[in-house]
Amino acid sequence: MPVTLKTKKDVVTEFRTSGILEAARKVFAQKGFSAATVDDIAAAAGVAKGTVYLYYESKRDIYFAALKFDIEQMYSMLTDKLNTVSSPEDKLRTLIAFKLAYFDDNRDFFKIYYSELGNLCIHPGTIDSEFKTLYLQNAKVVESILKEGARKKVIRSVRTEQAAFAIADVIRGVVTQRVLGWSKSKISQDVDFIFDLIWKGIAVS
């Protein structure tokens, strides 16, 4: 399969857009979507406002571009991690550990990611369809682990879809505590807590 070489224009575009999205992430996390402006993002990125509009049509386009970029990156990294372990038990623990560490290191992303989840509950008709699809992939990853565990008879028969969302909510709750500074536990301690709480509820006794 031939390798497609990037042109100088492609490289410049990637450099510019990555800088804009990184700045946008910080601005949206600090000010929220409504209060943030394209001027704020341009200033934080160190570019002219017109440069931002070369790549994005509106503030909302920037917002979702930043969100989607981070979600795709997160799941790509998570997939690589899960491929290093084999048992459903190890996969679940690996997923929990990865999520906690990732959000610890990317707190700006966490704030806009879960802010958009809040909008999904409050204004379901206005949610971006691509974001919804990407979010549902999260549940599918967990669900696939549960189904594998059921096939291997290490996890009892549970409603895998509902269980996957419940597990995601437990992880989110602990991550929220960490991001807000309410938890002083080490990541390893929180991973053990979440894993034990979940595993004791779903494992075959």
Next item on the list: Pairs only if they're at least six apart or on different chains, beta carbon under 7 angstrom, first in segment 17-32 and free of Cβ contacts under 8 Å to residues at least 24 places away in the same chain, second among the acidic types (Asp, Glu); list them, first residue then second.
Entry: VAL27/ASP40; LYS31/ASP40
Next item on the list: Please work out if GLU57 is surrounded by fewer than 16 Cβ atoms within 10 Å (Cβ to Cβ) and at pLDDT 90 or above.
Entry: yes
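Does segment 46-68 contain any residue that is within 30 Å of GLU148 (Cα to Cα) and within 21 Å of the chain's Cα centre (by Cα)? Outline the logic, then answer.
We begin by selecting, within segment 46-68, every residue within 30 Å of GLU148 (Cα to Cα); these are 67-68.
Narrowing the set further to residues that are within 21 Å of the chain's Cα centre (by Cα) leaves 67-68.
Yes - at least one qualifying residue is present in segment 46-68.
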Checklist line | Number of the condition not met by ALA166 [criteria: (1) out of contact with any Phe, Trp or Tyr (no Cβ under 7 Å at 6 or more places or on another chain); (2) within 14 Å of LEU100 (Cβ to Cβ); (3) assigned to a helix (DSSP H, G or I)] | finding: (2)
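The values are calculated or read from the model by the stated rules, or taken from the named source; none is laboratory data. Every value quoted in this text rests on a predicted model; they were computed, and no experiment measured them. Glycine also receives a Cβ, built like all others from the backbone with ideal geometry; neighbour counts cover every protein chain displayed.
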